[in-house]
Each structure stands twice: as C-alpha cells, then as structure tokens.
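Structure first, commentary second.
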Amino acid sequence: MANGEVVFLSGNKGGRFPYSNCLFIDDEKSVIIDPAAQKEKLIAISRDKNDPLVVNTHYHIDHIRYDSLFERSPVAAHPLDAKAIASIDENAHLVGVEGLPWENEWKQWMMSFGFPARAVEMEVNDGDELCLGKLTLRFIHTPGHTPGHICVEIPEKKSVFLADIDLTKFGPWYGNKYSDIDDFVDSIERMKQVEAETWYTSHEAGVLKGDISRELERYGRVIEQRDERILDALSKPLTSRQMVEKALIYGKSWEPIQMFIFFEGVMLEKHLERLEKEGLVFKEDDLWMRAGG
Ligand SMILES: [Zn+2]
C-alpha cells in the first residue's frame, strides 16, 4: 500500500551529465520525476509500481533518457518544452543546433542516450496542482535554463524538486538558443520566496535541508562573476571567437570541441547582449569593446 513516500534516487557519476538525480513519489497515484538516475532502480520501479506518471522538468536528454522504461505511463511537462520531448527535430531547434554542420551527429548522440520521442499527454502550467492521494504536486514554472523548465513542490512534505536550478559550483547554465539569463535570474529569485525544508537538485549533491537562500544567492552571483570576467577580458577589443577561446564561462575547453565552442559561445553571446543593453559594451565590425574605456 502506497504511503505517500518520497524517494530520492541519485544519478550515476554523482548525478552528472548524462545522468541526473530523480524523485520517485509512492502514493495512490505514483510519480517519477526525471527518470535519468540509475537504470536498474528505475527498471525495478517500472516493474513493481503501477505505471507511475512521468514528469519531465524540461527537455534535456539527461532528464528524459529513461522515459521509455515507463512505456505505459503518461508523460507530463510544461507546454513550452513538450514538443522538444516528443521530437528530436524540435529538440535540436530549441537547443539551437538546427542547421549546424554537426546537427545529425548531435541527434545521433541524443538517440544513443535514449531520446524517448514521447508525446506529452499532460501539459502542466505554473500553479497547477495534482492530487496523488496523500500528497500533492504543485508545479512552478521557472524558465531560463529552458523556456518550459519547471520546479515541483510537494507541500505536504515541505519539499521542492529544483531540477536544473541545481545550485552547483559551476552556476546557472543557459547554453541553449532559447535559454534566457534574465528569466533564470527571476526564477532564482522566485525560489527564494518558496518555503520548504527539503530541496532536491538534479545534479551533484542532490539533497539540501533548511534555508537555502544563501545557496541561491551564491548561485545567482555566478552570473555577475561571468559578467565581470567578460568585462575584464575586454580591456582590449576582442572578437566573439577570441573570447570563446578564453573559455570565460567554462574555465577551460572540453571535448567534443565543436560542442564546447557552441555552448560556450551561446552563453557568452547572451552575456554580451545583456551587457550591451546595459550600455557597458558595444560591437564595432567584429570587435567587442567596453563602452567608455
Ligand atoms: Zn537541463
């Protein structure tokens, strides 16, 4: 008999890509949030529990890769991310790799991780609540990382699944075409308003207790630190490519190099756009430079 228990499942590799931590909620209606943790445990859940609802917090492969283990379960996600769970083409579009020379290579890489191509039968919007029996899920739309990123609150347990507001040392990640820094900042602020005692993140440690406002503050500050590194680097004019080579976001490059160049470049570009709007940098021909410097 389900007792309204919340079970945290840590991902392989310390919950690092291509895995993530996952939450199983054992209630009259059971739920699995982001099935991308240890496959054996997920297989056991899919075997022993009655087709739990699959909730995907967003469309990234390291959150949806084992959706297919729950083939009889409906999938729930935010409407802005739903199509990118159902279709690899739409996924490539939102990531921003559509039309790039390595688009197909990238799609094959996603397929090799198990891209589920599952239709989202249940769209969940900000503030929606879903009664499971003893427990309730409350969905909080927290865009920025992706347009339809959601956090999931379980009020009766004073718990929140923060997904990729992941509080890692690396900081917020907004390396997709439709990621948005300002939205991410707002989403971090929004989570400061939520009261809970247990917080789950998708990557690394995964479970935090008590007041996390300082962690959220530290995490959000990483964005400002990246701004500062960019402004420092622009003590002399640089092209975008020269800035990417400095790995101002990631700290150092990684393989495959074309993906590093892409993700570093997307994140850098979003900072430059923001700094340009604030009047702190401008672009002349191919060169970025600091205003008034
Ligand atoms: Zn993600």
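Please treat every number below as a calculation from the coordinates, not as lab data. The structure presented is a predicted model; accordingly, all values stated were derived computationally and were not measured. All Cβ positions, glycine included, derive from the backbone under ideal geometry; neighbour counts span all protein chains shown.
Based on the Cβ-Cβ distance of Asn12 and Ala291, what FRET efficiency does E = 1/(1 + (r/R0)^6) give at R0 = 51 Å, to the nearest 0.05? Intermediate values should be presented prior to the final figure.
Values: r = 46 Å, r/R0 = 0.91.
My answer for the efficiency is 0.65.
Computed over the Cα atoms of the stretch 234-290, what is the convex hull's projected area averaged over all directions, in nm²?
Reported value for the Cα convex hull: 3.7 nm².
Could you calculate the FRET efficiency of Asp182 with Lys134 from 1/(1 + (r/R0)^6), where r is the beta carbon distance between them and R0 is 45 Å, rounded to 0.05? Could you put the intermediate results ahead of the total?
Values: r = 38 Å, r/R0 = 0.84.
Working from the Cβ atoms, E equals 0.75.
Regarding the chain, what is the average projected area of its C-alpha convex hull, in nm²? Display every interim value, and only then the final one.
Working: hull surface 60.0 nm².
Mean projected area for the chain: 15.0 nm², to one decimal.
For Asn104, what charge total do you get from the other residues with a beta carbon under 12 Å from its beta carbon, if Lys and Arg give +1 and Asp and Glu give -1?
Net charge in that neighbourhood comes out at -3.
Report, in whole Å, the centroid distance computed from the Cα atoms of the stretch 145-201 and the stretch 72-119.
Between the Cα centre of the stretch 145-201 and that of the stretch 72-119, the gap is 21 Å.
If I model a spin label at Ala247 and Arg72 as a point 7 Å from the Cα along the Cα→Cβ vector, what separation in nanometres do I get?
Once both label points are built, they end up 4.8 nm from each other.
How far apart, in nm, are the 7 Å Cα→Cβ label points at Asp126 and Gln193?
About 0.8 nm, to one decimal.
Pulled fully out, how much extra length does the chain show between Asp211 and Phe170, if you take 0.36 nm times their separation in residues and subtract their Cα-Cα distance?
12.7 nm
Mind checking the dipole of the chain: about its Cα centre, +1 per Lys or Arg Cβ, -1 per Asp or Glu Cβ, Debye to the nearest 20?
For the chain, the charge dipole is close to 760 debye.
Grab the beta carbon distance between Ser235 and Gln258, set R0 = 25 Å, and tell me the FRET efficiency rounded to 0.05.
Result of the calculation: an efficiency of 0.30.
Using 21 Å as the Cα-Cα cut-off, could you pick out the over-long pairs in Lys107/Lys169; Lys83/Lys177; Lys49/Lys158; Lys134/Lys158; Lys49/Lys134?
Lys107/Lys169; Lys49/Lys158
Which Cα, out of Asn91, Ser253, Leu275, lies furthest along the positive dipole direction of the chain (beta carbon charges, K/R +1, D/E -1)?
Result: Ser253, furthest along the dipole toward the positive end.
How far apart, in nm, are the 7 Å Cα→Cβ label points at Glu28 and Glu278?
In this crude label model, Glu28 to Glu278 measures out at 5.1 nm.
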